[in-house]
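Read through the structure below, which is laid out as structure tokens, and then see the notes.
The values are calculated or read from the model by the stated rules, or taken from the named source; none is laboratory data. Predicted, not measured: the structure shown is a model, and the values here were computed from it. Here Cβ is always computed from backbone atoms with ideal geometry, including for glycine, and neighbour counts include all displayed protein chains.
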Amino acid sequence: MINASREPSVAFWTRQADAIQVGNPPKVQMQPRLPVMGQSYVEQEYAALAAEQPLLWSAEGELAARRSRMAAEQLGVPASASGFLLEQHQRAVTEAQGDYHLTVQVLAPYVCVQPKAKLRYWVVAPILALGDAVAVWSTSVAFGEVPEIAFGQALAAGLAAGAAGLVGSELRNYQLAKLRQRDLRSLSADEQRFARFFTGTTGGFGMVKLVGGLSLVVTLLVAVGIGLLRASVEGAAAGLTFGLLAAATAVGSALLGYSAADEVADQIDRSFGRWQQAMMRHQTLASCPHTKQRARAMEAVASIRAEHELRGTAASKRVDSLAFRVQRRQPQVFGHGAPAGEVSGQIGRRPRRGDRS
């Protein structure tokens with residue numbers, strides 16, 4: 001096999017061609033190849049060698065690509081499974097995107113909450129709950145309670161005071177639902193998908209009163225509890241002060257919930273969250289290592305095969321040129337070239353003058 005990229009191998013084959021000698025007939029002046037002369041054994045030998053080169057190099061390419069091809073086959077099943085999941089999940093991403101766009105198109109005109117209201121709620125609400133919890137914790141420790149136990153009790157009391165403010169959210173949602181209320185027969189096809197936002201009922205005013213009553217009870221219990229605890233440690237004035245502060249915290253929590261409540265905005269946020277989650281999942285599937293590794297292995301196989309195919313073609317051309325070299329160095333046998341009017345440069349059968357085909 002001729003290595004088309006290494007000079008020592010080419011030089012070796014050139015020396016081999018130069019060493020070939022064919023018996024000399026009587027010397028004559030410059031002459032073309034004789035028409036009666038068929039294909040010589042030398043030409044047949046080099047034609048066979050030229051035909052052999054692509055096969056040898058293809059086999060060499062298969063050997064070089066074998067490890068990469070085995071790796072690609074080994075990764076075929078997991079990569080195929082990942083591709084199937086990726087294709088299926090692409091539909092989920094498309095559906096989530098369409099659902100979000102439809103939700104915005106239909107419900108965006110009914111959003112009443114301020115853009116930063118949700119952020120303000122999630123920043124301020126923990127601060128209010130923490131304020132109540134710190135007041136209870138410090139008083140419990142001063143009263144002689146174990147700090148770890150006192151912290152748990154204080155945290156529960158602070159969260160209870162914060163939860164008492166949920167009545168503000170319920171009241172706000174009830175009012176907005178009344179404002180959106182429409183005859184269901186007047187809804188468009190897209191609006192029918194969100195008909196629950198236009199019925200005007202979110203549990204009814206009775207449910208709002210129930211939640212409000214429970215919130216009031218929680219507020220009173222927390223305020224009285226903190227007041228009595230403080231009074232037992234620091235006196236009646238301190239107890240009254242901290243009890244009122246606890247009640248104010250609960251009322252502030254209710255006002256905060258009222259300003260941030262909007263179930264339409266919540267629905268849009270949930271729809272957007274599902275879309276973002278679907279895209280993140282899709283990106284995770286798309287970055288599956290099995291798919292990457294198999295693609296890399298397949299590309300390596302294709303590149304190695306292409307390289308060896310080109311080297312085989314180059315080696316075949318080199319052998320063809322060596323066959324012409326043998327003929328050029330022995331013109332007394334093969335002549336100095338093809339007769340005028342004939343195609344030259346072919347190894348094997350050459351067209352003769354007078355051929356019809």
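Listed values, structure above:
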| quantity | calculated |
| --- | --- |
| Positions within the stretch 259-287 being of a type in the set (A, V, I, L, M, F, W, C) and within 27 Å of residue 120 (Cβ to Cβ), in sequence order | 260, 261, 264, 265, 268, 272, 275, 280 |
| Test result for residue 169, touching a helix residue (DSSP H, G or I) at 6+ places or on another chain (Cβ under 9 Å), free of Cβ contacts under 8 Å to residues at least 24 places away in the same chain and either aromatic (Phe, Trp, Tyr) or in a helix (DSSP H, G or I) (or both) | no |
| The stretch 296-318 - residue that is closer than 13 Å to residue 51 by Cβ and of a type in the set (S, T, N, Q) and, of those, surrounded by the most Cβ atoms within 10 Å (Cβ to Cβ) | 316 |
| Hits in the stretch 126-159 (condition: surrounded by fewer than 19 Cβ atoms within 10 Å (Cβ to Cβ) and either of a type in the set (A, V, I, L, M) or not in a helix (DSSP H, G or I) (or both)) | 127, 130, 134, 141, 142, 144, 145, 146, 149, 155, 156, 159 |
| Residues of the stretch 262-276 classified as over 14 Å from residue 119 (Cα atoms), in contact (Cβ under 8 Å) with a residue 24 or more places away in the chain and either polar (S, T, N, Q) or not in a helix (DSSP H, G or I) (or both), total | 2 |
| Filtered residues of the stretch 278-331 (kept if closer than 28 Å to residue 98 by Cα, free of Cβ contacts under 8 Å to residues at least 60 places away in the same chain and in a helix (DSSP H, G or I)) | 280, 283, 284 |
| Extreme residue, modelled with the lowest pLDDT, among residues of the stretch 84-119 that are loosely packed, with under 13 Cβ neighbours inside 10 Å, charged (D, E, K, R) and under 26 Å from the mean Cα position of the chain (by Cα) | 87 |
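Let's see how each residue does on (1) under 30 Å from residue 313 (Cα atoms); (2) in a helix (DSSP H, G or I); (3) touching a helix residue (DSSP H, G or I) at 6+ places or on another chain (Cβ under 7 Å); (4) among the charged types (D, E, K, R):
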| residue | (1), (2), (3), (4) |
| --- | --- |
| 57 | yes, yes, yes, no |
| 63 | yes, yes, no, no |
| 68 | yes, yes, yes, no |
| 78 | no, yes, yes, no |
| 98 | no, yes, no, no |
